[in-house]
Amino acid sequence: MIDHISNSDTEIAAALRAELARERDGLEMIPSENFVSQAVLEALGSVLTNKYSEGYPGKRYYGGNEHIDVIEELARTRAKELFGVNHANVQPYSGSPANQAICFALLDPGEKLMGMNLLYGGHLTHGWKVNFSGVYYNAVQYPTDKDGLLNYDAIETMAVAEKPKVIFVGATAYPRVFDFARFAEIAKKVNAFLVADVSHVAGLIVSGDHPSPVGHADVIMTTTHKTLRGPRGAMILTNGNPSNPLKAVERSRENLPTLIDRAVFPGLQGGPHNHQTAAIAVALKEAATPAFKDYGHAIVKNTKALEAVFKEHDITMITGGSDNHLLLIDVTPLGIGGKDAEEALDRAGITVNKNTVPFDTRKPYDPSGIRLGTPALTTRGFTPEDMRIVGECIARILRQPTDEQVIDEVKHHIIDLTKAHPLYPDLTY
């Protein structure tokens with residue numbers, strides 16, 4: 001499959017082969033990662049990368065876009081049907097640029113936005129101080145309570161006091177469902193736009209395993225490469241009346257489709273990545289199948305299986321467990337930090353990421369916790385029974401992170417699991 005790269009660039013070819021081997025032979029448990037289908041891989045490696053397509057279908061600044069228009073329109077239509085909205089922009093390069101476009105559409109520099117604090121599970125682009133969202137806008141951040149759960153009354157009190165123009169709901173490390181209806185009440189009370197960043201749970205929304213923000217949020221953003229199991233990219237979904245995306249309109253809910261489109265292009269981006277758009281379209285078609293709903297159900301069942309094992313081993317889970325695809329674990333009661341836990345698990349072939357926990361007393365580069373999830377393993381066909389074995393392996397390493405014999409024994413268990421659930425068996429690098 002990479003014959004041409006092998007002939008022209010041996011260093012890159014070697015790295016590609018090594019990465020495929022790493023993915024095949026280990027357990028990918030970072031909850032923001034997944035494995036796309038080979039159909040999505042084919043779209044990403046297609047001739048569509050050759051074409052410039054500034055603008056939108058039917059309104060391009062370059063000629064020769066008749067086939068690109070078909071592809072982008074398919075992606076937009078599939079997104080609208082899948083999530084039940086009347087407008088979709090599929091051009092954002094990824095989630096952070098998408099959130100930047102939303103801020104650009106809804107706020108003037110210096111105006112106030114409100115989002116979940118990064119150190120409590122929120123996202124960098126929801127107002128963190130070193131990010132554009134905290135530099136160009138007046139950002140205020142809401143934390144969780146000591147138990148790791150969102151306190152909606154406290155969030156309402158903050159919103160009333162601060163009066164933000166935009167409120168973000170969404171997270172990167174929150175293991176429970178979001179009450180979008182309650183957030184909508186809060187936003188309405190202070191006349192703010194409500195933006196739901198559902199990047200982590202979009203696939204679970206499709207399968208019915210997480211509530212949908214449609215009907216509650218003014219704007220919905222999702223990346224396409226997490227539980228949605230598509231390529232790296234993003235979509236912005238809205239309701240309202242789309243008009244000419246190249247014509248200025250007033251900032252209102254009715255004009256949200258136009259405001260968003262203008263913010264993406266020409267506001268922030270040039271030509272869209274057409275190979276990415278096609279891959280998103282392919283993934284959205286896959287997500288509309290009954291098999292994908294079963295996949296979403298399986299993600300949650302696998303998370304619950306892990307949760308049960310960790311409870312048996314008295315491992316501290318933030319909020320006590322999970323309702324979705326991820327678990328956030330405080331490893332400090334075991335006498336280690338998040339960095340050491342991540343590295344010990346990695347030596348055994350289990351990939352997780354170190355992560356802060358609410359009210360963390362350690363530094364972000366070596367925090368108190370680790371974050372892990374089940375989407376990628378569920379894609380490989382792992383069952384709750386498999387996840388119990390995985391959970392036992394993780395618990396053993398967390399209790400003995402410096403015992404290389406334990407790590408070696410766990411590694412052999414991991415190899416057996418990966419052989420039972422091969423990844424990309426027809427893919428040759």
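The values are calculated or read from the model by the stated rules, or taken from the named source; none is laboratory data. Please read these numbers as outputs of a predicted model, since none were measured by experiment. Cβ: placed from backbone, ideal geometry, glycine included. Neighbour counts: every protein chain shown.
A few points about this structure:
- Residues being part of a strand (DSSP E or B) and among the basic types (K, R) are represented in region 103-118 by at least one member.
- Members of region 217-269 found to be in a loop (DSSP other than H, G, I, E, B), hydroxyl-bearing (S, T, Y) and more than 30 Å from L377 (Cβ to Cβ), listed by number: S243, S252
- Checking V214, V160 one by one, the residue that is in the same structural domain as H87 (by TED's automatic domain parsing), assigned to a loop (DSSP other than H, G, I, E, B) and at pLDDT 95 or above is V214 and no other.
- Any hit, region 326-347, residues being among the hydroxyl-bearing types (S, T, Y) and more than 26 Å from Y295 (Cα to Cα): yes
- Restricting region 5-33 to residues that are in contact (Cβ under 8 Å) with a residue 12 or more places away in the chain and of a type in the set (D, E, K, R), the residue that is surrounded by the most Cβ atoms within 10 Å (Cβ to Cβ): E28
- Qualifying residue in region 305-320 (condition: free of Cβ contacts under 8 Å to residues at least 24 places away in the same chain and of a type in the set (V, I, T)): yes
- Residue in region 161-178 that is farther than 19 Å from I236 by Cα, acidic (D, E) and more than 19 Å from the chain's Cα centre (by Cα) present: yes
- When T144 is tested against (1) assigned to a loop (DSSP other than H, G, I, E, B); (2) of a type in the set (S, T, Y); (3) within 19 Å of the chain's Cα centre (by Cα), only condition (3) is not met.
- Residue check for G373: among the small types (G, A, S), buried (at least 23 other Cβ atoms within 10 Å of the Cβ) and modelled with pLDDT of 95 or more: yes
- Hits in region 181-192 (condition: surrounded by fewer than 22 Cβ atoms within 10 Å (Cβ to Cβ) and of a type outside the set (A, V, I, L, M)): R182, E185, K188, K189, N191
- L44 crowded, with 16+ Cβ neighbours inside 10 Å, touching a His at 6+ places or on another chain (Cβ under 6 Å) and closer than 19 Å to Y429 by Cβ: yes
- Those residues of region 21-54 which are over 15 Å from A283 (Cβ atoms), charged (D, E, K, R) and over 20 Å from the mean Cα position of the chain (by Cα), in sequence order: R22, R24, D25, K51, E54
- Tallying residues that are charged (D, E, K, R) and part of a strand (DSSP E or B) within region 22-60 yields 3.
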